[in-house]
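Single-structure report; data block below.
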């Protein structure tokens with residue numbers, strides 16, 4: 001049974017935090033994050049709605065491997081339990097709620113302004129997550145700079161009847177029924193948040209080249225080594241001139257583009273010649289906000305282990321480091337792509 005990750009001392013990045021080893025790479029963007037331990041053994045939850053989280057009211061559970069005492073902290077029936085529930089993944093839900101979580105599955109690479117989104121925190125066991133638990137989301141411009149006001153994601157309450165194989169009833173062959181639990185009973189807790197109504201604006205550099213000639217003072221034509229990707233409206237910046245031989249202009253609009261040169265408006269020209277071979281940068285004015293889950297904070301609130309009711313591990317870093325399994329969809333963890341990752345772009 002070791003292949004199924006049953007251990008009290010090896011819930012680490014090396015063994016994928018005790019989730020079943022058969023599911024590490026097979027159907028990686030779906031199965032591992034819907035598999036957890038409860039009193040029955042290893043369970044895979046199959047959702048029948050697009051709410052692939054504790055907010056769903058329609059799903060069925062498949063018992064992959066029955067193991068007595070799997071989610072306990074002691075030793076039952078000769079089996080060592082995996083101990084207190086641990087977070088095994090944290091990521092932004094696909095805003096289109098596509099499943100599997102990937103661009104190929106019909107997902108998107110961003111989310112609109114003033115829209116409700118979700119962060120999912122996944123555990124390797126069934127947990128009881130009280131409504132109001134929170135997770136912090138940091139905000140940056142498209143250059144991953146100029147940090148702005150943070151956003152708080154809040155665990156919502158599942159208002160429907162919830163079932164859990166936990167407690168005395170479960171030992172008699174049926175789940176407990178919860179009609180008034182204010183929260184989510186799941187292994188995949190959804191934290192809702194609202195995206196900013198206005199994006200952050202900055203210039204995103206897409207080309208750095210040089211000026212091979214020495215334009216005279218007041219010249220509006222600047223010859224450069226490359227105009228790849230440059231168009232009317234692009235921003236141009238002249239940087240790092242040699243002392244006494246040039247001046248800097250920043251984020252000046254391009255009004256015309258040739259094969260080997262660009263033109264700028266006369267109001268933005270330099271009062272002295274531009275030094276030859278000085279660096280020239282082209283950029284695009286971009287309005288977007290990058291959301292990043294704060295991996296240093298974990299979550300705050302009451303989330304308890306479904307086996308013994310004790311508080312679960314709430315940190316993503318103190319025990320696991322920054323290697324927590326977060327790249328679910330294989331779509332990347334940086335830039336504009338946000339599916340199944342800790343980064344999501346608001347446009």
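Binning the alpha carbon pair distances of the range 265-314 at 5 angstrom intervals from zero yields the distribution 4, 11, 10, 11, 8, 7, 6, 6, 6, 6, 6, 6, 5, 5, 3, 0, expressed in whole percent.
Subtracting the Cα-Cα distance of residue 272 and residue 116 from their residue separation scaled by 0.36 nm leaves 51.0 nm.
With both labels modelled 7 Å from their Cα along Cα-to-Cβ, the residue 152 to residue 347 distance reads 3.1 nm.
In the range 202-287, one over the average inverse separation of all distinct C-alpha pairs is 12.5 Å, which is the Kirkwood hydrodynamic radius. Tell me, 262, 300 in order of fewest to most beta-carbon neighbours within 10 Å? Exposure proxy ranking, most exposed first: 300, 262. Extension gain, residue 48 to residue 201, is 51.1 nm, computed as 0.36 nm per intervening residue step minus the present C-alpha separation. When peptides 210-221, 82-93, 111-122 are sorted by average Cβ neighbour count within 10 Å, with the highest value leading, the order is 82-93, 111-122, 210-221. Exposure proxy ranking for 272, 39, based on other Cβ atoms within 10 angstrom of each Cβ and starting from the fewest, stands as 272, 39.
If r is the Cβ-Cβ distance from residue 177 to residue 134 and R0 is 22 Å, what FRET efficiency results, to the nearest 0.05? Efficiency, from the Cβ-Cβ distance: 0.20.
With contacts taken as Cα pairs under 8 Å and at least 6 residues apart, the range 202-287 reaches a relative contact order of 45 percent. For the pair residue 226 and residue 308, label points projected 7 Å from Cα toward Cβ lie 5.9 nm apart. With R₀ fixed at 51 Å, the C-beta to C-beta distance from residue 250 to residue 63 puts the FRET efficiency at about 0.20. Full extension of the chain segment joining residue 315 with residue 260 gains 14.4 nm, where the gain is 0.36 nm per residue of separation less the Cα-Cα distance. Modelled this way, with points 7 Å down the Cα-to-C-beta line, the labels at residue 192 and residue 213 are 6.1 nm from one another. Taking other C-beta atoms within 10 angstrom as a stand-in for reagent exposure, 61, 38, 144 fall in the order 144, 61, 38, fewest first.
Readers should treat all values here as calculations from the given coordinates under stated rules, not as data from a laboratory. Just so we're clear, the structure is a prediction, and the values are computed from it rather than from any experiment. Here Cβ is always computed from backbone atoms with ideal geometry, including for glycine, and neighbour counts include all displayed protein chains.
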